[in-house]
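Below is one structure, written out as structure tokens, with a few remarks after it.
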Amino acid sequence: MCLMQSRIRGPMRMTIVTWGITGIFLLISLDLFASIMRPLSIDELTRQADAVVRGEVLSKTCERDGQGRIYTQIELAVEEVWKGAVSTNKFMIVLGGGVLGEERVIVTGQVQYDIGEEVVAFIVYNSAHEAVTLGMSQGKFHLHHAPGKSTVYAHNPFHGTAPAVEVNPLIKSSKSDAAKIENHGSTDEGLTVEDLKSKVLSAK
């Protein structure tokens, strides 16, 4: 695959990866890489995934592989396994890029995990049997509670509704603009985690 980089001078050296990368942590098929370019249905995500797990992000650790490339390890406390077999309740996911010392590497379209975040992750295994998020950002659903409700909702860039984002009152915006900010162009408004689980279980 083609790899293009640009470096920004300053206190921290930054590398921006703008198209594809190779390495033990992102050895995926061309079909899976192509899936980054178009929205995948929940059925497609489920069928392509080797495992689907629900859990909470415990930690993020940046390392350098044998060829000098920076990658991030995500430790997930597994609450439920919806597809596949997971041998431990502490599950490791790897992704390209991260911050190590004074160097930062950014992979275009790469998924982001935050410590304490509750997620549903659609996983594929690379040739080293390391867990990689399917379709980068498409393969992670963020879980959140609606204000004043006990129901847990799920969303990724194309499914479900993201939590409302506060709009700066000093900036004029239309109602449609506010809706775009809140919904991010998703196709399934009000997707609960139970709805998502049901779709996964029926599709696998």
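Miscellaneous remarks
- For S59, nonlocal amide neighbours, meaning residues 5 or more places apart or on other chains whose placed amide H falls under 5 Å from its own, are E75.
- Amide H contacts of K83 (H built 1.01 Å from N, under 5 Å, at least 5 apart or other chain): V52
FYI, it's all coordinate maths here, none of it is from the lab. In this text, all values refer to a predicted model and were calculated from it rather than measured experimentally.
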